[in-house]
Each structure stands twice: as C-alpha cells, then as structure tokens.
Amino acid sequence: MKPTIVVACIVAATAGLATAQTPPRSAAAAPQAAAPQGNAETGKKLFVSDGCYQCHGYEAQGSSATGPRLGPRPIAFAAFSRYVRQPTGQMPPYTAKVVSDADLANIYAYIASRPEPAKDIPLLK
C-alpha cells in the first residue's frame with residue numbers, strides 16, 4: 001500500500017471515531033434553563049478526577065482524535081445526561097453509581113462556564 005493511501009485511511013478512520021462519539025447536537029436548540037443548578041468549581045474538580053479531560057481536554061475543547069468539544073455551549077442537560085449514562089460511541093458509560101446526578105450537574109455547570117476561546121484573545125477581536 002502506498003504511504004499516501006495509508007495516511008488517508010488513518011485520517012478517515014480517526015474522523016469516523018470522532019463522529020461516532022459526538023453527542024447529538026439537535027438538542028442544543030432546547031432551552032438550557034431546565035438544567036439543574038450546579039457548581040462550576042466543583043464540576044471542574046470532578047471533570048478532572050473522573051477523567052473527562054483525558055478525551056475532551058481540560059477546557060472541554062475536545063479533539064478530533066479523542067472526543068468532541070463539550071463547551072462552552074453544551075447540548076441541553078437532558079440530552080447530555082442521557083448521553084453520559086448511555087453513550088453511543090467510544091465513550092464508556094458513566095452510570096449514576098459512578099457519577100451521581102448532583103455531580104453530573106456540577107460537571108455540566110463547569111462545561112457551560114467555559115469561555116468562548118476567540119473572545120478571550122485580544123488579537124483575535
């Protein structure tokens with residue numbers, strides 16, 4: 001096999017993995033007011049201790065090679081919770097025994113609190 005074909009196959013396979021584990025975005029249009037109150041600071045600690053950062057990055061920015069972007073505007077909490085509990089992609093399920101509903105609300109608050117990247121860089125304004 002030619003090197004360019006091998007590289008193309010690897011890129012295509014990697015793109016397929018990232019797409020397969022991306023939570024559905026159709027729920028993003030739903031109002032996020034229904035999300036339970038969470039503590040973003042506690043959520044940040046949980047995001048790290050539960051290993052979310054390993055695939056989604058410390059700022060929930062995501063990566064095409066490991067996991068989708070989660071913040072700063074996450075999908076509606078109901079869809080987020082459903083996906084975390086029963087993911088359809090490569091992500092392992094985080095049942096209520098592993099991450100409580102209160103902890104999930106805190107993680108969601110942290111993800112929602114992430115700033116828009118371009119707005120925080122003066123040179124990009």
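A few points about this structure:
- Hits in the range 84-97 - residues which are over 15 Å from CYS55 (Cα atoms) and either touching a Leu at 6+ places or on another chain (Cβ under 6 Å) or touching a residue at least 12 places away in the same chain (Cβ under 8 Å) (or both): THR88
- Given (1) at pLDDT below 95; (2) within 17 Å of GLY43 (Cβ to Cβ); (3) under 11 Å from the mean Cα position of the chain (by Cα), number of the condition PRO68 does not satisfy: (2)
- Any hit, the range 68-75, residues being under 15 Å from ALA35 (Cα atoms) and loosely packed, with under 15 Cβ neighbours inside 10 Å: yes
- Considering PRO117, PRO122, the condition of being in contact (Cβ under 8 Å) with a residue 40 or more places away in the chain and either among the aromatic types (Phe, Trp, Tyr) or more than 18 Å from PRO36 (Cα to Cα) (or both) is satisfied by PRO117 alone.
- Test set (1) buried (at least 16 other Cβ atoms within 10 Å of the Cβ); (2) modelled with pLDDT under 95; (3) of a type outside the set (Val, Ile, Thr); (4) within 10 Å of the chain's Cα centre (by Cα) - ALA27 fails condition number: (4)
The values are calculated or read from the model by the stated rules, or taken from the named source; none is laboratory data. These numbers come from a predicted model, not from an experiment. All Cβ positions, glycine included, derive from the backbone under ideal geometry; neighbour counts span all protein chains shown.
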